[in-house]
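Here's the structure we're looking at; comments come further down.
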Amino acid sequence: MAETVVALERGLELFAPGACQTPLKLPRASAAGWDKLGINTVQSLLQHYPRYHVDRTQLKTIAELVRGPHGLPHGEVQVHARVLKLARLNTRKGKRMITGRIGDETGSLAVTWFNQDWVARALKPGTEAFFYGRLGLFGGRPQLTAPRFEVVRTGKEPFNVGRIVPVYPATAELSTDQLRKVMWTTLESVGPILDPLPTELRRRLGLMSRGAALRAIHFPEDKEQVVAARRRIVFDEVFTLQLGLVYRKQKLERTVRGIPHPSPTAESLASAFIGALPFELTGAQRRACEEVEGDMGRRFPMHRLIEGEVGSGKTVVALYACLLAIAGGHQAAF
């Protein structure tokens with residue numbers, strides 16, 4: 001009977017070696033920004049994770065904000081608007097004030113910042129941005145005071161409005177909304193992303209697939225997806241680090257020759273030390289001493305970490321290992 005041949009799964013390998021990674025087609029105008037962020041492949045782009053997320057599911061027009069049936073809304077509001085005018089003023093108390101108006105297709109709204117000169121450099125008339133802040137009355141008229149904002153060049157695209165959107169670490173040459181646009185188009189075209197964890201193991205650990213996690217961390221449907229995606233990504237990073245440590249340990253065991261120390265006898269320094277202690281070792285201390293003793297008796301270097309709370313008895317185990325080395329005719333530093 002012929003054996004069944006299972007085809008290898010095809011897709012993007014996130015942690016592929018550099019030579020095997022997929023080159024990323026990037027705009028030349030922002031090449032300096034991409035270089036500063038170290039992004040030049042699909043893999044490096046997908047691993048450029050958001051600093052935080054902004055909920056734009058409650059985006060309103062200016063008319064909806066200022067002419068609502070129940071007066072001005074409470075809490076933080078969000079609006080997508082264009083800067084109509086901006087001016088710098090000095091108050092009587094010596095504060096620097098920037099005032100202006102922003103507008104959309106439904107109306108305009110006053111905005112004000114205090115002692116933030118950089119705002120005038122970032123926002124020029126005609127600049128399009130998302131504004132976030134509290135709406136109040138000043139002189140009987142609605143006004144946004146010191147709103148946060150994100151300048152955008154891509155407009156009301158599906159990756160910018162009506163959803164939870166990512167805010168990325170960016171540069172002067174490369175804005176977060178430009179990153180967001182490239183991330184969106186890349187995720188749409190990248191296809192399946194390979195996952196080294198078997199489905200059963202993911203189910204047992206309560207983890208989403210790697211492909212789902214990458215899509216959710218960049219463009220989540222809700223806040224719960226952000227939490228689940230971050231959990232999978234953190235697992236991958238810690239698991240990769242652990243695999244690296246295990247590989248390094250096994251390589252040392254195969255390639256590096258150590259000094260096999262003799263097992264302690266009843267009259268040895270190590271045994272005498274344990275017998276002279278004014279207390280009995282705990283079960284955990286005894287197990288740690290036995291495992292260290294076994295490691296030091298092998299023909300390759302010991303690769304072990306002794307971990308415990310303050311006062312749990314790590315020093316006794318360390319001194320026991322030193323005495324094993326001294327009894328074998330070698331030196332020990334403590």
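In the stretch 278-295, the qualifying residues are those that are more than 41 Å from the chain's Cα centre (by Cα) and loosely packed, with under 12 Cβ neighbours inside 10 Å, and the one that is farthest from Q242 (Cα to Cα) is P278.
For the stretch 144-175, name all the residues that are among the polar types (S, T, N, Q) and buried (at least 20 other Cβ atoms within 10 Å of the Cβ).
Taking the stretch 144-175 and keeping what is among the polar types (S, T, N, Q), we get 145, 154, 160, 171, 175.
If the condition is that a residue be among the polar types (S, T, N, Q) and buried (at least 20 other Cβ atoms within 10 Å of the Cβ), then N160 is the only one that fits.
Among the residues of the stretch 307-331, those identified as assigned to a loop (DSSP other than H, G, I, E, B) and closer than 19 Å to T265 by Cβ are G328, G329, H330. Restricting the search to the stretch 88-126, which residues are hydrophobic (A, V, I, L, M, F, W, C) and not in a strand (DSSP E or B)? Selection gives W118, V119, A120, A122, L123.
Within the stretch 277-295, the set of residues being out of contact with any Gly (no Cβ under 6 Å at 6 or more places or on another chain) and in a helix (DSSP H, G or I) comprises G283, A284, R286, R287, A288, C289, E290, E291, V292, E293, G294, D295.
G275 fails exactly one of the following numbered conditions: (1) of a type in the set (G, A, S); (2) surrounded by fewer than 17 Cβ atoms within 10 Å (Cβ to Cβ); (3) under 41 Å from the mean Cα position of the chain (by Cα). What is the number of that condition? For G275, the exception is condition (3). Scanning the stretch 307-333 for residues that are surrounded by 14 or more Cβ atoms within 10 Å (Cβ to Cβ) and in contact (Cβ under 8 Å) with a residue 60 or more places away in the chain gives L324, A325, A327, G328. Restricting P260, P264 to those that are in a loop (DSSP other than H, G, I, E, B) and within 24 Å of R248 (Cβ to Cβ) reduces the list to P260. Any residue at all in the stretch 140-149 that is part of a strand (DSSP E or B), β-branched (V, I, T) and more than 12 Å from V54 (Cβ to Cβ)? For the stretch 140-149, residues part of a strand (DSSP E or B), β-branched (V, I, T) and more than 12 Å from V54 (Cβ to Cβ): present.
Do the conditions hold for V316, that is, is it touching a helix residue (DSSP H, G or I) at 6+ places or on another chain (Cβ under 7 Å) and among the aliphatic types (A, V, I, L, M)? Answer is yes for this residue. Every test in (1) assigned to a strand (DSSP E or B); (2) modelled with pLDDT under 90 is passed by F159 save one, and that test is (1).
Residues of the stretch 125-143 include at least one that is touching a Phe, Trp or Tyr at 6+ places or on another chain (Cβ under 6 Å) and within 12 Å of V83 (Cβ to Cβ).
A single entry from A213, A228 fulfils the requirement of being without any contact (Cβ under 8 Å) to a residue 60 or more places away in the chain, over 15 Å from L46 (Cβ atoms) and in a helix (DSSP H, G or I): A228.
Selection within the stretch 246-272: residues that are among the hydrophobic types (A, V, I, L, M, F, W, C) and over 39 Å from the mean Cα position of the chain (by Cα). The member of this set that is surrounded by the most Cβ atoms within 10 Å (Cβ to Cβ) is A270. In the list K85, K36, which residue meets the criterion of being assigned to a helix (DSSP H, G or I) and of a type outside the set (V, I, T)? Only one candidate qualifies: K36. Of the residues making up the stretch 116-147, those that are polar (S, T, N, Q) and under 28 Å from the mean Cα position of the chain (by Cα) number 0. Would you confirm whether or not the stretch 35-43 contains a residue that is touching a His at 6+ places or on another chain (Cβ under 9 Å), free of Cβ contacts under 8 Å to residues at least 40 places away in the same chain and surrounded by 12 or more Cβ atoms within 10 Å (Cβ to Cβ)? For the stretch 35-43, residues touching a His at 6+ places or on another chain (Cβ under 9 Å), free of Cβ contacts under 8 Å to residues at least 40 places away in the same chain and surrounded by 12 or more Cβ atoms within 10 Å (Cβ to Cβ): present. The residues on offer are R304, R298, and the sole one that is closer than 29 Å to V246 by Cβ, assigned to a loop (DSSP other than H, G, I, E, B) and touching a residue at least 40 places away in the same chain (Cβ under 8 Å) is R298.
The values are calculated or read from the model by the stated rules, or taken from the named source; none is laboratory data. Computed from a predicted structure; not experimentally measured. Counting neighbours? That spans all protein chains shown, and the Cβs are built from the backbone with ideal geometry, glycine included.
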